[in-house]
1. Specify which of the listed residues (Glu74, Glu70) is in contact with a Phe, Trp or Tyr (Cβ under 7 Å, 6 or more places away or on another chain) and not basic (Lys, Arg).
2. When the residues of the stretch 33-51 are filtered to those that are over 18 Å from Asn7 (Cβ atoms) and touching a Leu at 6+ places or on another chain (Cβ under 7 Å), which remaining residue is surrounded by the most Cβ atoms within 10 Å (Cβ to Cβ)?
3. Report, by residue number, each residue of the stretch 47-85 that is in a helix (DSSP H, G or I) and touching a strand residue (DSSP E or B) at 6+ places or on another chain (Cβ under 7 Å).
4. Tally up the residues in the stretch 52-96 that are of a type in the set (Ser, Thr, Tyr) and under 24 Å from Gly4 (Cα atoms), please.
5. So which residues in the stretch 21-32 are in a loop (DSSP other than H, G, I, E, B), in contact (Cβ under 8 Å) with a residue 40 or more places away in the chain and open to solvent by less than 30 Å² (accessible area, probe 1.4 Å)?
6. Restricting attention to the stretch 68-81, which residues are β-branched (Val, Ile, Thr) and open to solvent by less than 50 Å² (accessible area, probe 1.4 Å)?
7. If only one of Thr13, Thr39 is within 19 Å of Tyr87 (Cβ to Cβ), in a loop (DSSP other than H, G, I, E, B) and touching a Gly at 6+ places or on another chain (Cβ under 7 Å), which one is it?
8. Every residue in the stretch 6-20 that is touching a residue at least 24 places away in the same chain (Cβ under 8 Å), surrounded by 14 or more Cβ atoms within 10 Å (Cβ to Cβ) and of a type outside the set (Ser, Thr, Tyr), please.
Amino acid sequence: MAPGFINMLSWSTDSLLVDGRSQGEIRQGVTTEIMGEGTSMGPLSDEMKGRWKDAQGDIKYDITWTTLEEYLKELETRGVSPNVASYVGATRFAST
């Protein structure tokens, strides 16, 4: 039996907040998701939170955290199936 796969470029930051089961990845053997390659879920200023909220698409959620640690704790509180980790993003969130 092989260990689970690691998704080094996960874009599940939004979807895990709404549905932490992550069945699309879990059923393919992905047990760890690394997020934040471009932008990370923290640290966020109030201005960044506002822009991020305005730019939400089909997946909508409240941004109750400021730091990356608080985001990861939010995922833990909600319950997620995969292991998660994050880079500190290389870019700032910019509205389009």
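1. Glu74
2. Gly42
3. Selection gives Leu68, Leu72, Leu75.
4. Selection size over the stretch 52-96: 5.
5. Scanning the stretch 21-32 gives a single hit, Ser22.
6. Within the stretch 68-81, Val80 is the sole residue that qualifies.
7. Selected residue: Thr39, the only one of Thr13, Thr39 that is within 19 Å of Tyr87 (Cβ to Cβ), in a loop (DSSP other than H, G, I, E, B) and touching a Gly at 6+ places or on another chain (Cβ under 7 Å).
8. Within the stretch 6-20, Ile6, Asn7, Asp14, Leu16, Leu17, Gly20 qualify.
The values are calculated or read from the model by the stated rules, or taken from the named source; none is laboratory data. Note that the coordinates shown come from a computational prediction; the quantities given were computed from them, not determined experimentally. No Cβ is skipped: glycine too gets one built from the backbone with ideal geometry, and neighbour counts run over all protein chains shown. Quick note on the areas: whole protein, heavy atoms, side chains included, nothing else; ligands and nucleic acids left out. Shrake-Rupley method; radii C 1.70, N 1.55, O 1.52, S 1.80 Å.
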